[in-house]
1. Using the count of nearby Cβ atoms within 10 Å as a rough guide to exposure, how do A:84, A:167 rank from fewest to most?
2. In chain A, what % of DSSP beta bridges are antiparallel (nearest 5)?
3. If I fit a long axis through the Cα atoms of helix A:199-219 and take the longest principal axis of the Cα atoms of chain A, what angle between them do I get, 0 to 90°, rounded to 10?
4. Specify the angular offset, from 0 to 90 degrees and rounded to the nearest 10, of the alpha carbon long axis of helix A:350-365 from the longest principal axis of the alpha carbons in chain A.
5. Could you give each residue of segment A:111-117 its phi-based ³J(HN,Hα) in whole Hz, using Karplus coefficients 6.51, -1.76, 1.60 with θ = phi - 60°, and x for Gly or Pro?
6. Could you give each residue of segment A:311-321 its phi-based ³J(HN,Hα) in whole Hz, using Karplus coefficients 6.51, -1.76, 1.60 with θ = phi - 60°, and x for Gly or Pro?
7. Express the Stokes-Einstein translational diffusion coefficient of segment A:139-384 in µm² s⁻¹, to the nearest whole number, given a Kirkwood radius over alpha-carbon pairs, 25 °C and a viscosity of 0.890 mPa s.
8. Taking 25 °C and 0.890 mPa s as the conditions, I'd like the Stokes-Einstein D for segment A:19-131 in µm²/s, using the Kirkwood hydrodynamic radius from alpha carbon pairs.
Amino acid sequence: MSGLSGYLRNDGRKGIRNHIVVAYLVECAHHVAREIAWPYRDHAHVIGFPGCFPNVYAQKMMERLCTHPNVGAVLLVSLGCESFNRFALEQVVRDSGRPVETLVIQNDGGTLASINKGQTWIEETLVETEKMARVPMDINELVVGTVCGGSDGTSGISGNPAAGRAFDRLVKDGAACIFEETGELIGCEEIMAARAATPELADELRASVTKAAQYYATLGFGSFAAGNAEGGLTTIEEKSMGAYAKSGASEISGLIKPGDVPPRGGLYLMDVVPDGEVRFGFPNITDNAEIVEMMASGAHLTLFVTGRGSVVGSALAPVVKIAANPHMYQRLSDDMDINAGKIINGGSSIDDVGTEIYDLVLSAAAGTKTKSEALGHAEFILTYKSFEPIGPACLPA
Amino acid sequence: MNTDVRLLLLSPDDNIFVLRAAVEAGETIVVSGQQIQISTRIGLGHKIARNAIGKGDKVLKYGASIGSATCEMSPGDHVHLQNLKSDYTPTYSLESERDAHTGERT
């Protein structure tokens with residue numbers, strides 16, 4: 001009915017791409033992974049975790065990413081002496097039914113021998129992944145994330161509300177949609193809580209924003225910059241509402257943390273602020289860290305609203321770039337999929353652009369490359385974090 | 001009701017419009033069917049009252065409260081720090097900082 005098709009995985013999820021992951025398990029293996037993947041970069045994407053010391057969150061994220069529906073096969077690249085648990089990761093991938101191989105540079109003859117071995121494996125595996133057939137897929141099997149970055153005064157009045165309208169349509173169609181940035185929801189937690197499916201979930205939503213406020217206070221963040229007022233923003237709740245507009249108007253079905261896959265369609269808030277004491281610094285050091293967390297929760301693609309003009313894409317899952325500012329769109333139109341600036345300089349309504357975004361989500365899901373994807377953008381970043389599991393009230397039945 | 005094309009209504013419940021382009025001082029613009037003379041330049045992204053707003057009324061943008069009016073407003077009034085305050089935390093602005101440090105200025 002939707003005209004979509006996807007690659008069916010053993011867990012029942014379907015992918016809109018069929019990438020081979022080349023994953024480095026410590027920064028020391030990054031170069032070898034990059035060299036292996038480079039000649040095959042249209043199909044093989046490099047992801048990884050740079051740290052030498054173990055981290056439960058990073059392990060979980062890598063497991064989720066290597067078994068993401070857009071992934072068809074996985075090559076792990078280990079130096080050998082790092083503490084990342086490559087045995088557990090390989091087991092998880094094997095159990096998912098995907099072809100998997102682990103190279104250990106210290107055992108496989110060093111840099112050149114490992115690169116050769118890895119490329120041979122990719123050549124063989126590409127033959128297999130290219131044989132994987134697409135099956136019909138419905139919109140209600142899609143997971144879509146949204147972030148905003150490089151924001152300016154236009155994001156909250158054009159790109160974000162338009163992304164919200166696209167979310168409303170996707171949720172109505174039964175897709176799972178995820179929004180985040182709890183630190184930018186300070187001041188609208190009551191409005192958000194009023195949209196919760198249950199009173200218990202409403203409490204969890206409020207608590208996630210309170211946690212974010214405390215976390216940012218410890219980091220010494222100001223919540224409202226002088227430049228915000230110059231751009232026409234008057235109050236913190238107004239600024240937050242601009243970011244919150246990305247969520248649309250649907251009922252909120254649940255609260256998840258990075259790596260938790262939405263159990264069914266609906267709108268979900270992702271709590272991205274670590275639990276416990278402030279230990280590893282900023283919750284997300286760049287926009288790509290947010291996109292990676294969306295992917296770990298199964299997002300097939302991500303809507304990215306930008307005012308100043310971020311050009312990034314992502315490994316594994318396409319990014320749809322929505323330009324909020326019409327002047328920026330003129331300068332960076334080669335990088336932008338959607339010109340939401342039309343809402344500001346006339347000609348289009350928020351609904352019009354929302355429809356444009358919705359249509360583009362479906363065509364990207366059907367296989368059309370987004371701008372960043374076609375340009376070869378495949379950014380990825382994963383750092384240390386720590387979370388407690390979500391409580392039972394977060395995902396009401 | 002007839003309204004200048006530069007005024008963007010984000011939600012039907014809102015009592016403010018957002019400017020999609022600057023309005024210059026001295027211009028006459030149509031707000032909710034009324035001719036309004038603008039006295040000072042108001043920039044892109046700023047807000048203008050859609051209708052009369054009473055002191056203490058909630059100002060609604062995106063259909064949600066973004067704070068309370070600190071004085072009466074008429075259609076066409078610039079809605080900003082001088083007539084709208086947060087119900088959450090006071091807004092830090094360079095202007096309020098400057099006012100706080102007026103004694104130290106030469």
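No value in this document is a laboratory result; all are computed from the given coordinates. A quick note: this is a predicted structure, and the numbers were derived from the prediction, not measured. Glycine gets a Cβ as well: all are built from the backbone with ideal geometry, and neighbour counts include every protein chain shown.
1. Lowest count first: A:84, A:167.
2. The antiparallel proportion sits near 15 percent.
3. Roughly 80 degrees, rounded to the nearest 10.
4. The two axes meet at around 10 degrees.
5. Computed from phi, the couplings for segment A:111-117 are 4, 5, 4, 5, 4, 4, 5 Hz.
6. 9, 5, x, 7, 5, 6, 10, x, 10, 9, 8
7. Value of D from the Cα-based Kirkwood radius: 138 µm²/s.
8. Once the numbers are plugged in, D ends up at 180 µm²/s.
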